[in-house]
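Taking it in order: structure first as structure tokens, then the write-up.
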């Protein structure tokens, strides 16, 4: 189609009728100032062509002129397939539409709306929205020229149809795109953009249904299980009740209890009677036993009296021999005591002999010690004498170590002075052949002779020549003076040491060292003697000890008798020892004998005393017994007692027989306790059984109530139904999940194949774009992506520039160029759609805008291009048909 | 003596998986009772022995509980003898107590204890009611020692699995295979096995009077039993009582001809409107045939009471023509080729292969839809 004219009224700033006419076939330019209504006209054209006349959309309301109550009236004239059409629509008020062809109305209102769409090749998506297809792509409203063209569904289809026509049906891009759209729409029913089940979608609903039914099923099964347990419990309770409520058992227990109570009563009475009889029997038995004890006591007492009397007689007989024996023992004791006294005297004599022998032995020993003391005294006196001599010699020997060191220092100094003198002196050297008669200080020189001239030297050569070499006078005198002083100090040292020369001084020093050595030896000997108080004190102590021994010897020999020899003393000691041994044995025997006699005597006395005690005790007891049982009443008392005993024993036998008789009839041991325990048990059992029955009754009623509540609502049916429902829900969920997976697989597979074909699909657009692009960007290439998106611009460099990083002006220019290319592509395939640019290229510089004008004019060669702009001066060079609003 | 032997009514069984048909199937089970009653009246059978599982579960709703009882009440000339089975075993305050509390019809006789019950002057019934869902003991043991008058026909009534018989009974409630012989029974009426089955000369499973599952009894029936006198052989005749036929069928398909044949055979089946069919399809079809099969199954599904096709083992392999119908070349053709390769890829799991097949079918159908062709 080609636009021919546009008329508006009540539209935006055009409250009054306004018209643009004279649209040409190529480039058309409407240049007007801002707010002249260019964009209003653009919107008016779109509204007239693409909106239903009956629409009350906000955009249409926004078109109405403020302050006027006029309808929005728009007329658009256009040429299509060689015929001229005019569509006139009134919006908002007096709504109407009229389509004329060559001046003849061919459709009205809705029909007019739709016939226009049919002619333009677009179709409404719904009653409200219209996909403007390529018109939406090529009619760029103000501010949208910067946007990358995003073809609508219909536009994409149209572009793909064009591409398909160009590259043939082999690519199948449009079919794939449409199929992908269908698949994505279908997937969109199930999933969100992020791939999760979509709320309200069938998959989400299936999942929720499954979860809900699963919960219900679990709840129902839980209730069913609870009911099952209650029924089981009820069965158990009823079984318990039947057992507990068995009347036979209860009657048996009652009968058993009554019987047991009766037996217990009888047993208790019999037991009581028996206990009483046993007590009587015991009492009678005790009386009889007491009487028997009394009789026994009387008999015992009588026998005791008799026995005591016999014993007294025996004691008298036993005392006589003891007295005789005591007399004999006393005599023997006196004899042995006398013998012991004699032995004691002998012992004392031996003690005196021992003491004398000790004295003699001591004297002999001390005399032997005196010899030793004398020898030690002599040794010490000699040592003291040697020490005194050595000390005197040491005092005389004055050359000590310091003197020797002083001597050595002086000798060294002398050598040093001489060496210095020698070194400072001139040297005379002579080399003479043997026999030449050369002499040095008188000595013949043969070969080489040299000497330091420290004093005048005479050299003769033969007899005729005498050469005297004299050292410098000043030097010689200084050296001599130093040597002289040194010799004076040496002499003084020798004199102080008492030595004539150095050799003697050293000899005297050697002698002193010898004396010092001797002094150390003497000291070592003294130390070896270990003298605590020194030699002199030891000598004095030895002298005192010897004097003391001598004094003792004199004192022990006052009797004047000669000292016995050691052998004699030993013989006497031996004899004394033998005698003492014999004497000790005899004394021990005597002492033992004395002790034995004393002990025998003591025993005899004790025995006699014991017999006397017994006798006294018997007499005492006998008196008491006789007081209780006098001899004259003994027989009568015994007879009386025996008679009483007989009476009591007869009474006991009667009682015992009665007890035995009763015991035969009485219950066995523990029988009463067993009966009482049984009665207690039966009472408790009957009571417990009654309580159990009551509790069971209450519990059964309670559980029955619970069962009635839980079981009457068809719980089992509900659980079975829910089980089926759950299986179905899970199956449905699985089916839908699998359906989603199938769709995803299909989408992915087609997507992948589509991507592989993208270059092929984009080739037609790239071919159409190339001349437009090179008008502005010579040699550049555009990289196209999914759905004709502009990915980048490849100019001179090896890598493409990312579209979004280009300047805004460049982005807009490329976006416009792509739209021009799309328009050219669509146009070439027979769909003649005008291109409208409303206020585009606002950021283009002067050079670039001229290049863009070239591109726009290139487009204008094949299709109508309408440019709306407020930049009259800048767009002057665009050329084309100039339009005016009238 | 003439009586009807039936079992496994399982009243209240849910058929929720049959959607809106559920109520019809539930109602059919109740209608079967009426069919039995009519049969008894028509054939002069004074007694109907129900060998357990009258109800599907032991906690039915009150309506479910009463519905069969009321239907039995309507046949007052017929004595219905019922024992509990494993699905509706008896226990205190259980469903049988509930039924008794609600009021049993006078012609319905519950046998809740193993005690002889008179079936007139000439016969005695020896019931073996279940008191648990699963009994480990043979509850028919007592029949061996059960006394009966000389010349009386002895009839056992039990529910469980016959030992030694390859039974697929639902519960472990053993019954000796030679019980009839050991107990001197003239007939042992059994329940639990949903197919009519003769175990011995005088031992039968009646099957269910209204079929309720696939791969089991196709049509519900009961047994009419005639016994001339004690010791005489039982004459057993099956009578159809079920309204619906449950048919399971497996078919191999490989081409359009097979589909034609299958459809023709299925449409030739009698009473399609009362037919429930599980159809297991196997084999491999091309895409065109597969799409055609889907269309035809849709028709058959509408023709039958219920059709449950199982296509899990039916595979799709596109022919060149199929692929060309998707496209001669281009994106969709390449996608179809990729999916075909994936479906035939031996390295892929069966699930992945199946998914690729289905994606291929979808691709085929969508491309046909886009052309406006009927899928």
| query | Would you pick out the residues in region A:391-417 that are surrounded by 14 or more Cβ atoms within 10 Å (Cβ to Cβ) and outside any loop (DSSP other than H, G, I, E, B)? | reply | A:393, A:394, A:403, A:404, A:406, A:407, A:410, A:413, A:414, A:417
| message | Take residue B:156 and tell me if it is at pLDDT 95 or above, within 20 Å of residue B:80 (Cα to Cα) and under 21 Å from the mean Cα position of the chain (by Cα). | response | no
| Does residue A:689 fit the bill of being more than 8 Å from chain B (Cβ to nearest Cβ), under 27 Å from residue A:212 (Cα atoms), in contact (Cβ under 8 Å) with a residue 40 or more places away in the chain and surrounded by 14 or more Cβ atoms within 10 Å (Cβ to Cβ)? | no
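Any idea which of B:312, B:335, B:291, B:321 is surrounded by fewer than 19 Cβ atoms within 10 Å (Cβ to Cβ) and within 27 Å of residue A:735 (Cα to Cα)?
Numbers: B:335 fails: surrounded by fewer than 19 Cβ atoms within 10 Å (Cβ to Cβ); B:291 fails: surrounded by fewer than 19 Cβ atoms within 10 Å (Cβ to Cβ); B:321 fails: within 27 Å of residue A:735 (Cα to Cα).
Exactly one residue qualifies, and that residue is B:312.
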| said: Can you find a residue that is surrounded by 19 or more Cβ atoms within 10 Å (Cβ to Cβ) and closer than 20 Å to residue A:120 by Cα anywhere in region A:95-103? | reply: yes
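Within region A:173-188, which residues are within 16 Å of residue A:745 (Cα to Cα), without any contact (Cβ under 8 Å) to a residue 12 or more places away in the chain and either facing chain B (nearest Cβ under 7 Å) or not in a helix (DSSP H, G or I) (or both)?
Residues of region A:173-188 that are within 16 Å of residue A:745 (Cα to Cα), as a first pass: A:176-177, A:179-188.
Pick out the ones that are also without any contact (Cβ under 8 Å) to a residue 12 or more places away in the chain and you get A:182, A:185, A:188.
A:182 - this is the single residue of region A:173-188 that is within 16 Å of residue A:745 (Cα to Cα), without any contact (Cβ under 8 Å) to a residue 12 or more places away in the chain and either facing chain B (nearest Cβ under 7 Å) or not in a helix (DSSP H, G or I) (or both).
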| note | Of the residues in region A:190-218, those that are surrounded by fewer than 19 Cβ atoms within 10 Å (Cβ to Cβ) and within 14 Å of chain B (Cβ to nearest Cβ) come to A:209, A:216
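Residue-wise test of (1) at positive phi; (2) within 14 Å of another protein chain (Cβ to nearest Cβ); (3) outside any helix (DSSP H, G or I); (4) buried (at least 20 other Cβ atoms within 10 Å of the Cβ).
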site: B:13; (1), (2), (3), (4): no, yes, yes, yes
site: B:19; (1), (2), (3), (4): yes, yes, no, no
site: B:48; (1), (2), (3), (4): no, no, yes, yes
site: B:52; (1), (2), (3), (4): yes, no, yes, yes
site: B:57; (1), (2), (3), (4): no, yes, yes, yes
site: B:64; (1), (2), (3), (4): no, yes, no, yes
site: B:80; (1), (2), (3), (4): no, no, yes, yes
| query | What about residue B:101, is it out of contact with any helix residue (DSSP H, G or I) (no Cβ under 9 Å at 6 or more places or on another chain), part of a helix (DSSP H, G or I) and more than 29 Å from residue B:232 (Cβ to Cβ)? | reply | yes
| query | Could you say whether any residue in region B:156-163 is more than 14 Å from chain A (Cβ to nearest Cβ) and in a loop (DSSP other than H, G, I, E, B)? | reply | yes
| Given (1) out of contact with any helix residue (DSSP H, G or I) (no Cβ under 7 Å at 6 or more places or on another chain); (2) assigned to a helix (DSSP H, G or I); (3) surrounded by fewer than 17 Cβ atoms within 10 Å (Cβ to Cβ), number of the condition residue A:812 does not satisfy | (3)
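Which ranges mark the helices (runs of 4 or more DSSP H) fully within region A:27-132 that have 1 or more residues being over 24 Å from residue A:831 (Cβ atoms) and in contact (Cβ under 8 Å) with a residue 60 or more places away in the chain?
Working: elements: A:38-50, A:58-63, A:109-120.
Because the criterion is at least 1 residues that are over 24 Å from residue A:831 (Cβ atoms) and in contact (Cβ under 8 Å) with a residue 60 or more places away in the chain, the helices (runs of 4 or more DSSP H) in region A:27-132 that meet it are A:38-50.
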| request: Those residues that are surrounded by fewer than 23 Cβ atoms within 10 Å (Cβ to Cβ) and outside any loop (DSSP other than H, G, I, E, B), I need them from region B:194-214; list them, please. | output: B:197, B:198, B:199, B:200
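Within region A:660-667, does at least one residue satisfy the condition of being within 14 Å of chain B (Cβ to nearest Cβ) and in a helix (DSSP H, G or I)? Before you say what the answer is, go through the steps one by one.
If we filter region A:660-667 for residues that are within 14 Å of chain B (Cβ to nearest Cβ), which is where we start, we get none.
No: region A:660-667 contains no residue that is within 14 Å of chain B (Cβ to nearest Cβ) and in a helix (DSSP H, G or I).
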| Unmet requirement for residue B:348, which otherwise passes all of (1) within 12 Å of another protein chain (Cβ to nearest Cβ); (2) outside any loop (DSSP other than H, G, I, E, B) | (2)
| The listed residue being surrounded by 12 or more Cβ atoms within 10 Å (Cβ to Cβ), over 30 Å from residue A:670 (Cβ atoms) and either more than 60 Å from the chain's Cα centre (by Cα) or modelled with pLDDT under 90 (or both), out of A:256, A:280, A:346 | A:346
| task | Hey, could you check region A:712-735 for residues that are more than 7 Å from chain B (Cβ to nearest Cβ) and over 52 Å from the mean Cα position of the chain (by Cα) and say which is farthest from residue B:96 (Cα to Cα)? | result | A:735
| field | Lone unmet requirement of (1) part of a helix (DSSP H, G or I); (2) without any contact (Cβ under 8 Å) to a residue 12 or more places away in the chain; (3) within 22 Å of residue A:847 (Cβ to Cβ) for residue A:817 | value | (2)
| task | Output the residues belonging to region B:104-130 that are out of contact with any helix residue (DSSP H, G or I) (no Cβ under 8 Å at 6 or more places or on another chain) and surrounded by 15 or more Cβ atoms within 10 Å (Cβ to Cβ). | result | B:109, B:111, B:116, B:117, B:119, B:123, B:124, B:125, B:127, B:129, B:130
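Could you pull out the residue among A:699, A:678 that is part of a helix (DSSP H, G or I) and either away from chain B (no Cβ under 14 Å) or exposed (fewer than 15 other Cβ atoms within 10 Å of the Cβ) (or both)?
Working: A:699 fails: either away from chain B (no Cβ under 14 Å) or exposed (fewer than 15 other Cβ atoms within 10 Å of the Cβ) (or both).
Residue meeting the stated conditions: A:678.
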| query | What do you reckon, is residue B:130 in contact with a strand residue (DSSP E or B) (Cβ under 9 Å, 6 or more places away or on another chain) and within 14 Å of another protein chain (Cβ to nearest Cβ)? | reply | yes
| request: Take residue A:709 and decide whether it is without any contact (Cβ under 8 Å) to a residue 60 or more places away in the chain, surrounded by fewer than 17 Cβ atoms within 10 Å (Cβ to Cβ), more than 10 Å from every other protein chain (Cβ to nearest Cβ) and under 20 Å from residue A:218 (Cα atoms). | output: yes
| request: Look through B:279, B:297 and report the one residue that is out of contact with any helix residue (DSSP H, G or I) (no Cβ under 6 Å at 6 or more places or on another chain), closer than 22 Å to residue A:728 by Cβ, in a strand (DSSP E or B) and modelled with pLDDT of 90 or more. | output: B:279
| query | Is one or more of the residues making up region A:788-801 within 60 Å of the chain's Cα centre (by Cα), surrounded by 15 or more Cβ atoms within 10 Å (Cβ to Cβ) and in a helix (DSSP H, G or I)? | reply | no
| task | Taking only region A:820-840 into account, find how many residues are part of a loop (DSSP other than H, G, I, E, B) and either in contact with a helix residue (DSSP H, G or I) (Cβ under 8 Å, 6 or more places away or on another chain) or closer than 19 Å to residue A:869 by Cα (or both). | result | 6
| task | Out of B:263, B:251, report the one residue that is surrounded by 15 or more Cβ atoms within 10 Å (Cβ to Cβ), in a helix (DSSP H, G or I), modelled with pLDDT of 95 or more and within 32 Å of the chain's Cα centre (by Cα). | result | B:263
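The values are calculated or read from the model by the stated rules, or taken from the named source; none is laboratory data. Because the structure is predicted, anything quoted here is derived from the model rather than measured. When we count neighbours, we look across all protein chains shown, and the Cβ atoms used for this are built from the backbone with ideal geometry, even at glycine.
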